[in-house]
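Report on the following structure.
The values are calculated or read from the model by the stated rules, or taken from the named source; none is laboratory data. Please read all numbers here as calculations on a predicted model, not as lab measurements. Glycine gets a Cβ as well: all are built from the backbone with ideal geometry, and neighbour counts include every protein chain shown.
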Amino acid sequence: MPAAAGAHIYRNASVEIDEVEYANQLTTARLVPDQPVQTMRTLDPTGTLQDVDTATWMFEISGLQINIAGGLAKALRDADGGELEIILQPKVGSAQATATFTVRALMPAFGGEQGNWLSSELSLPVVGQPVFGVSA
Amino acid sequence: MSLVGDRTAIATALTTVDEVTGYASKPKILRPGDAWPLLGPLDRAGGMSFTATWRVFLVLPQDEVTASEWLDSHVEPLVDALLPVGFVDQFLPVAVTTEAGDQLAVQITMRSE
């Protein structure tokens, strides 16, 4: 059996938010679709109908909670409710897959648990649809 | 997944770091800055893929204070250089045993696909 080409341990990613690179603050950066499917099974067993909705998306991020200038947590707090432009590239380099999209900024956590890294975790709603492409 | 060429790729990545010379396998004479990979376990991952765990050994300057300061300033460049070829999990100061005695070194543990 041939090895699977393109398998990749997620690292060396690029996460640009409003043209600032935040990959070094994040441990998770993932676009997650929600795409409900409605199925009607008619009296004819072969007559199953399916209606697939258009996907809506969430941008899941988690990582360091940095509350000073340059920190993503501070940037999100400052932009609360505003729109942010994101370019997510899971593997840096040319001819690599990219997703470009807009999210609504939400308030991140502030503070944490003693003895542990200050962290935060958010699911940001995507405005419209991501545009999937390839890096130059 | 293919390990073919990975040792050379790791050596090339290591050589991009100032004061580091990467080798695909352990050189016969060890000098400060010499580094080479050793393959650890291959763990089955999804589909027909395996996670390769590598231990990269890097010989430090042999004066203890110089070795400490050298490592302090080289951790980030080493992680950056290795990023295209592996995800670094750990830096562990170790002693490499040679005929001339133990040499100060650091073991970098990283994973690749």
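Residues in segment A:1-39 that are part of a strand (DSSP E or B), surrounded by 10 or more Cβ atoms within 10 Å (Cβ to Cβ) and not small (Gly, Ala, Ser): A:Val15, A:Glu16, A:Ile17, A:Val20, A:Glu21, A:Leu26, A:Thr27, A:Thr28, A:Arg30, A:Leu31, A:Val32, A:Pro33.
Inside segment A:1-23, can you point out the residues that are more than 15 Å from the chain's Cα centre (by Cα) and more than 10 Å from chain B (Cβ to nearest Cβ)?
The answer is A:Glu19, A:Val20.
Here A:Leu64 passes the criteria (1) surrounded by 13 or more Cβ atoms within 10 Å (Cβ to Cβ); (2) in contact (Cβ under 8 Å) with a residue 40 or more places away in the chain; (3) closer than 28 Å to B:Gly47 by Cα; (4) not basic (Lys, Arg) except the one numbered (3).
Restricting attention to segment B:60-74 and to residues that are closer than 19 Å to B:Leu30 by Cα and either part of a strand (DSSP E or B) or of a type in the set (Gly, Ala, Ser) (or both), the residue that is nearest to the other protein chains (Cβ to nearest Cβ) turns out to be B:Ser68. A:Thr56 meets all of the listed conditions (1) more than 14 Å from every other protein chain (Cβ to nearest Cβ); (2) surrounded by 11 or more Cβ atoms within 10 Å (Cβ to Cβ); (3) modelled with pLDDT under 95 but one, namely (3). Please go through segment B:78-109 and pick out each residue that is in contact with a helix residue (DSSP H, G or I) (Cβ under 7 Å, 6 or more places away or on another chain) and either part of a helix (DSSP H, G or I) or among the polar types (S, T, N, Q) (or both). Matches in segment B:78-109: B:Ala81, B:Leu82. B:Ser25 falls short on exactly one of the conditions (1) surrounded by 13 or more Cβ atoms within 10 Å (Cβ to Cβ); (2) within 12 Å of the chain's Cα centre (by Cα), and that condition is (1).
Return the total of residues in segment A:108-134 being assigned to a loop (DSSP other than H, G, I, E, B) and touching a helix residue (DSSP H, G or I) at 6+ places or on another chain (Cβ under 6 Å). Before you say what the answer is, go through the steps one by one.
First, the residues of segment A:108-134 that are assigned to a loop (DSSP other than H, G, I, E, B): A:108-118.
Filter once more, keeping what is touching a helix residue (DSSP H, G or I) at 6+ places or on another chain (Cβ under 6 Å): A:108.
Residues in segment A:108-134 being assigned to a loop (DSSP other than H, G, I, E, B) and touching a helix residue (DSSP H, G or I) at 6+ places or on another chain (Cβ under 6 Å): 1 in total.
Quick one: is A:Ala95 in a loop (DSSP other than H, G, I, E, B), away from chain B (no Cβ under 14 Å) and under 16 Å from A:Phe132 (Cα atoms)?
Values: in a loop (DSSP other than H, G, I, E, B): yes; away from chain B (no Cβ under 14 Å): yes; under 16 Å from A:Phe132 (Cα atoms): yes.
Against the criterion (in a loop (DSSP other than H, G, I, E, B), away from chain B (no Cβ under 14 Å) and under 16 Å from A:Phe132 (Cα atoms)), A:Ala95 qualifies.
Matching residues to (1) under 12 Å from the mean Cα position of the chain (by Cα); (2) within 14 Å of chain A (Cβ to nearest Cβ); (3) modelled with pLDDT under 95:
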{"site": "B:Glu76", "(1), (2), (3)": "no, yes, no"}
{"site": "B:Val79", "(1), (2), (3)": "yes, yes, no"}
{"site": "B:Leu82", "(1), (2), (3)": "yes, yes, no"}
{"site": "B:Asp89", "(1), (2), (3)": "yes, yes, no"}
{"site": "B:Leu92", "(1), (2), (3)": "yes, no, no"}
{"site": "B:Glu99", "(1), (2), (3)": "no, no, yes"}
{"site": "B:Val106", "(1), (2), (3)": "yes, no, no"}
{"site": "B:Ser112", "(1), (2), (3)": "no, yes, yes"}
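Residues in segment B:57-76 that are surrounded by 13 or more Cβ atoms within 10 Å (Cβ to Cβ) and β-branched (Val, Ile, Thr): B:Val59, B:Thr66, B:Val75. In segment B:30-49 there is at least one residue that is within 14 Å of another protein chain (Cβ to nearest Cβ), closer than 26 Å to A:Ala7 by Cα, among the basic types (Lys, Arg) and assigned to a strand (DSSP E or B).
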